[in-house]
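One structure below.
The values are calculated or read from the model by the stated rules, or taken from the named source; none is laboratory data. On a predicted model such as this, the values are computed, not experimentally measured, just so you know. Please note: Cβ atoms are built from the backbone with ideal geometry, for glycine as well, and neighbour counts cover all protein chains shown.
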Amino acid sequence: MSGPLAGRTVLVTRPAHQAAALAQAIRAAGGTAFEFPALDIEAVPPDALSVPLAQLAEADIAIFISPNAAQFGMAAIRAGGALPDAIWVFAVGPGTARALQAQAQGVSGIITPDGQDSEALLALPQLADVSGKRVVIVRGVGGRALLADALAARGARVDFMECYRRVRPQVDAAPLLARWRTGGIDAVTVTSAETLHNLATMLGEAGMLLLSRTPLFAPHAKIAEAARRFGIAHVIATPGGDAGLVDGLINWFRNNP
């Protein structure tokens, strides 16, 4: 197959249910996608969400922090009713906004920052004055504290709706390692620091040596910095989303044939 990634095999570590779009984009650029999920997503049981759903019903602002938050959060919300009519809905990044629009039929006016992290969200003028507002952050179990702490410092009452949990898959890495040892993996993509840690654990000591020598592409500076601390020799921070990852791959291999 022709294309800027022809002859290159890229390791895709996204959760299985989220890998298709990136894999297809790699193939469209002429490359081969080797899918090896290093993160799984599990829904929190609905009966554990009765309190946050009640808090959401009284909230002024709902913030969805990831596509998973949009998918699993809206599934729980639909099962229990609907979002309040007057609520302001925020999405951290365009990918989350797209997932929310797909899940939340009838919800309009989703507010999204230019960036794709909590810092960009906090810079929005709509969140500058939240004194007395009730905010529900829809996220996975054990997310970052920055957003909640900052909004609380601005006078908001902040609650969480933790609607999914991230787990390490139980997958045999032997086929991947066999291919990697023969030069069959040219690049690695990771979309969270947790995914990277899981991948290293799943690969083991021998696989970690292979990982450290393979160019790694991450769609955020914080993930890239985590990879550098891990000892990976070539870490490339790309623009956000699947398009950013593929652009980063193309640029790298164009300059490093």
What are the residues in the stretch 191-211 that are crowded, with 20+ Cβ neighbours inside 10 Å, within 20 Å of the chain's Cα centre (by Cα) and in a helix (DSSP H, G or I), if any? 195, 196, 198, 199, 202
Test: residue 231 is small (Gly, Ala, Ser) and either under 17 Å from residue 19 (Cα atoms) or assigned to a helix (DSSP H, G or I) (or both): no
Just to be sure before I move on: is residue 132 modelled with pLDDT of 95 or more, over 22 Å from residue 68 (Cβ atoms) and touching a strand residue (DSSP E or B) at 6+ places or on another chain (Cβ under 9 Å) in the structure I sent? yes
For the list (1) modelled with pLDDT of 95 or more; (2) assigned to a helix (DSSP H, G or I), I need the number of the one condition that residue 59 fails. (2)
Can we say residue 236 is buried (at least 21 other Cβ atoms within 10 Å of the Cβ), β-branched (Val, Ile, Thr) and touching a strand residue (DSSP E or B) at 6+ places or on another chain (Cβ under 6 Å)? no
All but one of (1) assigned by TED's automatic domain parsing to the domain that holds residue 251; (2) crowded, with 21+ Cβ neighbours inside 10 Å; (3) out of contact with any Asp or Glu (no Cβ under 7 Å at 6 or more places or on another chain) hold for residue 22; state the number of the condition that does not hold. (3)
Can you confirm whether the stretch 97-110 contains a residue that is surrounded by fewer than 21 Cβ atoms within 10 Å (Cβ to Cβ), β-branched (Val, Ile, Thr), outside any helix (DSSP H, G or I) and on the phi < 0 side of the Ramachandran plot? yes
From the list 45, 113, 52, 37, pick out the single residue that is closer than 30 Å to residue 172 by Cβ and crowded, with 20+ Cβ neighbours inside 10 Å. 37
Subset of the stretch 8-19 [in contact with an Asp or Glu (Cβ under 8 Å, 6 or more places away or on another chain), over 16 Å from residue 244 (Cα atoms) and either modelled with pLDDT under 95 or part of a helix (DSSP H, G or I) (or both)]: 15, 16
On the basis of being part of a loop (DSSP other than H, G, I, E, B) and either over 25 Å from residue 8 (Cβ atoms) or in the same structural domain as residue 244 (by TED's automatic domain parsing) (or both), does residue 214 make the cut? yes
State whether one or more residues within the stretch 172-182 are among the small types (Gly, Ala, Ser) and on the phi > 0 side of the Ramachandran plot. no
Single match in 69, 25, 21 (criterion: over 30 Å from residue 214 (Cα atoms) and either within 18 Å of the chain's Cα centre (by Cα) or among the polar types (S, T, N, Q) (or both)): 69
So residue 90, is it outside the structural domain of residue 213 (by TED's automatic domain parsing), surrounded by 20 or more Cβ atoms within 10 Å (Cβ to Cβ) and aromatic (Phe, Trp, Tyr): yes
Identify, from the list 44, 92, the residue that is within 14 Å of the chain's Cα centre (by Cα) and among the β-branched types (Val, Ile, Thr). 92
Out of all the residues in the stretch 166-190, which are loosely packed, with under 15 Cβ neighbours inside 10 Å and without any contact (Cβ under 8 Å) to a residue 40 or more places away in the chain? 170, 172, 174, 175, 178, 181, 182, 183
Restricting attention to the stretch 234-252, the residues that are within 18 Å of residue 4 (Cα to Cα) and either part of a helix (DSSP H, G or I) or aliphatic (A, V, I, L, M) (or both) number exactly 12
